[in-house]
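J.: Provided herewith is a single structure, encoded as structure tokens, for subsequent inquiry.
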Amino acid sequence: MGLLDRIRTFLGTEKYPELVDYPDEVAITEVDVLNVHTAHITPDTKDIIVIVTLDERAFQLVRGTEEPLRMTLRDERPVTWVPVEQDGPPALDPTLGWIIPLTPETQAELRALPADTDQVELETINVGLIVEKRVL
């Protein structure tokens, strides 16, 4: 712990995590379902979970993402999944939409999920996924 960290701890000021940089090149795909909500993890904390609702095809794309991928749907805020080396929290940019960092551990967790997953709270990042199944 450095001197400034000790001073911040002593004064009770919070140290904010570093946010993910938005990549220069991003693949863009239009999806059928895309909605994002947030919720407090517990009522007495500032920590939130980002809950992304998406369709089955979009879920499969997220599971296999190795390059930055931006998902869009008409007037909904876009969600960009960004592979990163260093851990960081999901972030909401007022212009770019949601930016979700995917560490190698998060990518491995996503790949390990069953293809027919309908909902999951990821253990490696404060993100939950709800997969809407197409009804025929």
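Quick note: the coordinates plus some simple rules give every number you see, no bench work behind them. Just so you know, these numbers come straight off a predicted model, no measurement behind them. Neighbour counts are summed over all protein chains in view; Cβ atoms, including those assigned to glycine, are modelled from backbone coordinates with ideal geometry.
J.: Using θ = phi - 60° and the Karplus form 6.51 cos²θ - 1.76 cosθ + 1.60, what ³J(HN,Hα) does each residue of the stretch 76-85 get, whole Hz, x for Gly and Pro?
T.: Per residue, the Karplus-derived 3J(HN,Hα) values read 6, 5, x, 10, 10, 9, 10, x, 9, 8 Hz.
J.: Take the eigenvalues of the Cα gyration tensor for the stretch 33-136, scale each by 5, and report the square roots as semi-axes in whole Å, largest first.
T.: After diagonalising the Cα gyration tensor, the semi-axes are 19, 16, 15 Å.
J.: If you take every residue apart from V131 with its C-beta less than 12 Å away from the C-beta of V131, what net charge results, scoring Lys and Arg +1 and Asp and Glu -1?
T.: Neighbour charge sum, excluding V131 itself: -2.
J.: Now for a different question. Output the relative contact order of the chain, whole-number percent, from Cα pairs under 8 angstrom with separation of 6+ residues.
T.: Result for the chain is 24 percent.
J.: Run the simple label-point estimate for A112 and E66 please: 7 Å along Cα→C-beta, distance reported in nm.
T.: So the two model labels end up 2.0 nm from each other.
J.: Further question: For the stretch 49-103, max minus min Cα coordinate along each principal axis, in Å, sorted largest first?
T.: Sorted largest first, the three principal extents are 31, 26, 20 Å.
J.: Let me ask you something else. Which FRET efficiency value, to the nearest 0.05, do you get for N35 and E85 by plugging their Cβ-Cβ distance into 1/(1 + (r/R0)^6) with R0 = 22 Å?
T.: 0.15
J.: Another one. Provide the net charge surrounding D24, with neighbours chosen by a C-beta distance below 13 Å and charges set as Lys +1, Arg +1, Asp -1, Glu -1.
T.: The answer is -2.
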